[in-house]
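Okay, structure first, notes after.
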Amino acid sequence: MTYAIEAEGLVKRFRETEALAGVDLAARQGSVLGLLGPNGAGKTTAVRIFATLLRPDGGRARVAGHDVVREAGAVRALVGLTGQYAAVDENLTGTENLLLIGRLLGLPRREAKARARELLERFQLTDAAGRAVKTYSGGMRRRLDLAASLVGRPSILFLDEPTTGLDPHSRGELRGLVADGATALLTTQYLNEADVLADDIVVIDKGRVIAEGTPDQLKSQVGGQVLQVRPLVARELGRVHALVAQAAGARAQIEGGTVTAPVKDPELMPAVVRTLDREGIAVGELALRRSSLDEVFLALTGHRAEPEGAPEEDGGASVRQGTELEKAVN
């Protein structure tokens, strides 16, 4: 199997902090790999190593078959990186930002202009192309930032914690790139984003891989289905929670006015129904549904994802493909 991105025993330390403690992962060519984990888990550190912005302290990493340390220049010519924060120049227009990047990448002026027009149309920014970016909304800046990472037609794209999330149109563009043979590594705590976009997922915590597989495989590992119970009378919620937790033999959660629990035994639902009936508790809602990635994340890490949390210890600077990326690290 051909892997576009590979890491074997990847280690990185920042003083006393071991950001990566022997990470192994691989992204298949022409796929989206979702890299999930709590704030500080090491996601951004891994991305910056793949993008040649950091040198690993141990292990090795390859991008498109090139070693990120020994063949850094070859890697930089192939990748695009969109970081945690939009890195476009707010005093330039949308067109000027993309034209600048195209020229930095060595494109002839006519080709750079054509590429800028193409990307502005692709990300629905044509009407705002002549406006200063400081007048853009947060979502528009994120779309322009993603467009900027595509100016040089990278074969491998790193999307590191898009803080506003990807809108549906941008998600479609990403899937289109993958359909054309590109590979993407997406780090995010917007788990619905990962569920929609990722072909495979790696979950890391405290610098170590704790789970990997397709979204469906991870959901099955945690519990293929989830029981939902909402009492008819809200004040019975505490009693229902205690009864479901006892019957499930697992951690039951209260979400709003509903109790949820992973289902590992098909007899759980009938048992809960009998218990509630015996206790005289009227039910307003009783259902089985599939596990969500949020529940997978909670089961694996012990807490829910925090999309609005602080960035990781090594920051999230956004650097462009090819020449501009090389300037940033030299």
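The values are calculated or read from the model by the stated rules, or taken from the named source; none is laboratory data. What you see is a predicted model; the values in this text were computed from it and never measured. So basically every Cβ, Gly included, is an ideal-geometry build from the backbone, and we count neighbours across all protein chains shown. The protein model used for the area step is the full one, side chains on, heavy atoms only, and it has no ligands, DNA or RNA in it. Shrake-Rupley method; radii C 1.70, N 1.55, O 1.52, S 1.80 Å.
So here's what we get for this one:
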item	result
Tally of residues being farther than 19 Å from VAL178 by Cα and out of contact with any helix residue (DSSP H, G or I) (no Cβ under 6 Å at 6 or more places or on another chain) across segment 129-151	13
Top-ranked residue of segment 252-262 - restricted to ones that are touching a helix residue (DSSP H, G or I) at 6+ places or on another chain (Cβ under 7 Å) and farther than 15 Å from ALA242 by Cβ, ranked as modelled with the highest pLDDT	GLY257
Identity of the residue in segment 275-321, in a helix (DSSP H, G or I) and open to solvent by 40 Å² or more (accessible area, probe 1.4 Å), that ends up modelled with the lowest pLDDT	ALA299
Boolean, ALA234 is in contact (Cβ under 8 Å) with a residue 12 or more places away in the chain and not β-branched (Val, Ile, Thr)	yes
Close pairs from segment 126-153: first within 17 Å of ASP167 (Cα to Cα), partner basic (Lys, Arg) and crowded, with 20+ Cβ neighbours inside 10 Å, Cβ under 7 Å, at least 6 apart	ALA148/ARG320; SER149/ARG320
Checklist (1) open to solvent by 40 Å² or more (accessible area, probe 1.4 Å); (2) modelled with pLDDT under 95; (3) touching a Gly at 6+ places or on another chain (Cβ under 7 Å) applied to THR95, failing item	(2)
All positions within segment 183-197 that are open to solvent by 10 Å² or more (accessible area, probe 1.4 Å) and either aliphatic (A, V, I, L, M) or touching a strand residue (DSSP E or B) at 6+ places or on another chain (Cβ under 8 Å) (or both)	VAL196
Boolean, VAL226 is outside any loop (DSSP other than H, G, I, E, B) and surrounded by 15 or more Cβ atoms within 10 Å (Cβ to Cβ)	yes
Counted residues, segment 187-209 - those being touching a helix residue (DSSP H, G or I) at 6+ places or on another chain (Cβ under 7 Å), among the charged types (D, E, K, R) and either under 22 Å from ALA19 (Cα atoms) or not in a helix (DSSP H, G or I) (or both)	1
Segment 67-103, subset in a loop (DSSP other than H, G, I, E, B) and of a type in the set (S, T, N, Q), residue nearest to the chain's Cα centre (by Cα)	GLN84
Residue in segment 244-285 that is nearest to the chain's Cα centre (by Cα), counting only those that are within 18 Å of VAL233 (Cβ to Cβ) and free of Cβ contacts under 8 Å to residues at least 24 places away in the same chain	GLU255
Residue match in segment 231-238 (condition: closer than 30 Å to VAL32 by Cα, of a type outside the set (D, E, K, R), open to solvent by less than 70 Å² (accessible area, probe 1.4 Å) and not in a helix (DSSP H, G or I))	no
